[in-house]
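Just below is one structure, and these are the notes that go with it.
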């Protein structure tokens, strides 16, 4: 008996959670951002959003899920024991990171994964390469993937050193408006009643997102990051006192991806502020058990401090070539773009 293919809930059908969806789109455009960590309680569509990404990234893209009990050998690879015992041949067998090359690597409850395993994932995500030393053998293989980790902060946390190595973070909650809750329930019922028909309703909006991502990937290498905007970006990192320079690099890449997603060829101050809300929160210094949030007041204080030092990026309305380029999408005959109605 053939196994029925699991149908994933459409990405564009997810109600609310705009910040989470935007973060996932940004790392889809530029995986070198370093992955995204999604923090939130159960029932906030974290896993649903991740598993829906192949629908907007192309048929060849899939989600490779790493189990919590994965060993280091399973993650990076090891010697083929059978070949070694049978013929003495030292044959290397790549691990999950090889399977994840060109795909989405998803780790649910990543805060419960052993720290040294998380380190391996983040190293590969940052470099696009997995280097393995085993029993006198030295192996290297490509491991370019979009890393997504999800966790419930109530069940434990990641060490600050590991948090800092995630490119983006976003916190999600189950707080939806009454109308959003009603729409969520209606859509879930419709999906469970007839998944294929439900997905067809959102096919146009899925195609639109797929087109925008593909276009952003092409545009990204040519997106200009003006010197004054770059100074403003690094100035924000300095003013909120994040350690090291990973934040500066992630801010640059995220702001460029944000501009590219909007179809623009130049990074603006607002792109940098958008990037800051994803890049900086998990890097802020805090005392044990202290909650620190990067709210608008924190950003405003940082911007005021920069202005006092004479650092001020131009306002977006002063940037003549920052207008978004329209993205024409030819919809299938008779299709209704349900994503536009959400």
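Annotations
- Of all the numbered requirements in (1) part of a helix (DSSP H, G or I); (2) modelled with pLDDT of 85 or more; (3) touching a helix residue (DSSP H, G or I) at 6+ places or on another chain (Cβ under 6 Å); (4) within 22 Å of residue 37 (Cβ to Cβ), residue 119 misses one, and that requirement is (3).
- The listed residues are 300, 317, and the only one of them that is modelled with pLDDT under 55, in a helix (DSSP H, G or I) and over 20 Å from residue 222 (Cα atoms) turns out to be 317.
- Restricting attention to region 248-261, the residues that are surrounded by fewer than 20 Cβ atoms within 10 Å (Cβ to Cβ) and within 23 Å of residue 300 (Cβ to Cβ) total 1.
- The listed residues are 133, 140, and the only one of them that is surrounded by fewer than 13 Cβ atoms within 10 Å (Cβ to Cβ), in contact with a strand residue (DSSP E or B) (Cβ under 6 Å, 6 or more places away or on another chain) and either assigned to a strand (DSSP E or B) or at pLDDT 90 or above (or both) turns out to be 140.
- Candidate set: region 58-84, residues that are assigned to a helix (DSSP H, G or I) and surrounded by 20 or more Cβ atoms within 10 Å (Cβ to Cβ); chosen: the one modelled with the lowest pLDDT: 76
- Qualifying residue in region 176-192 (condition: touching a residue at least 12 places away in the same chain (Cβ under 8 Å) and under 21 Å from residue 276 (Cα atoms)): no
- Selected residue (criterion: modelled with the lowest pLDDT) from residues of region 22-51 that are under 29 Å from residue 252 (Cβ atoms) and out of contact with any strand residue (DSSP E or B) (no Cβ under 9 Å at 6 or more places or on another chain): 32
- Total residues in region 152-175, condition under 23 Å from residue 274 (Cβ atoms) and touching a helix residue (DSSP H, G or I) at 6+ places or on another chain (Cβ under 6 Å): 8
- Selection of first residues in region 97-119 that are under 15 Å from residue 74 (Cβ atoms) and of second residues that are part of a loop (DSSP other than H, G, I, E, B), restricted to Cβ pairs under 6 Å at least 6 apart or on distinct chains, gives the following pairs, ordered by first then second residue: 97/143; 100/145; 105/145; 107/66; 113/68.
- Any hit, region 85-99, residues being modelled with pLDDT of 85 or more and either over 30 Å from residue 43 (Cα atoms) or in a loop (DSSP other than H, G, I, E, B) (or both): yes
- Elements of the type helices (runs of 4 or more DSSP H) sitting completely within region 146-247 and holding at least 1 residues that are at pLDDT below 90 and not assigned by TED's automatic domain parsing to the domain that holds residue 28: these cover 227-239.
- Qualifying positions in region 235-247 - on the phi < 0 side of the Ramachandran plot and surrounded by fewer than 18 Cβ atoms within 10 Å (Cβ to Cβ): 238, 243, 245
The values are calculated or read from the model by the stated rules, or taken from the named source; none is laboratory data. It should be emphasised that the depicted structure is a prediction, and the values quoted were computed from it without experimental measurement. Don't worry about glycine lacking a Cβ; one is built from the backbone with ideal geometry, like all the others, and counts go over all protein chains shown.
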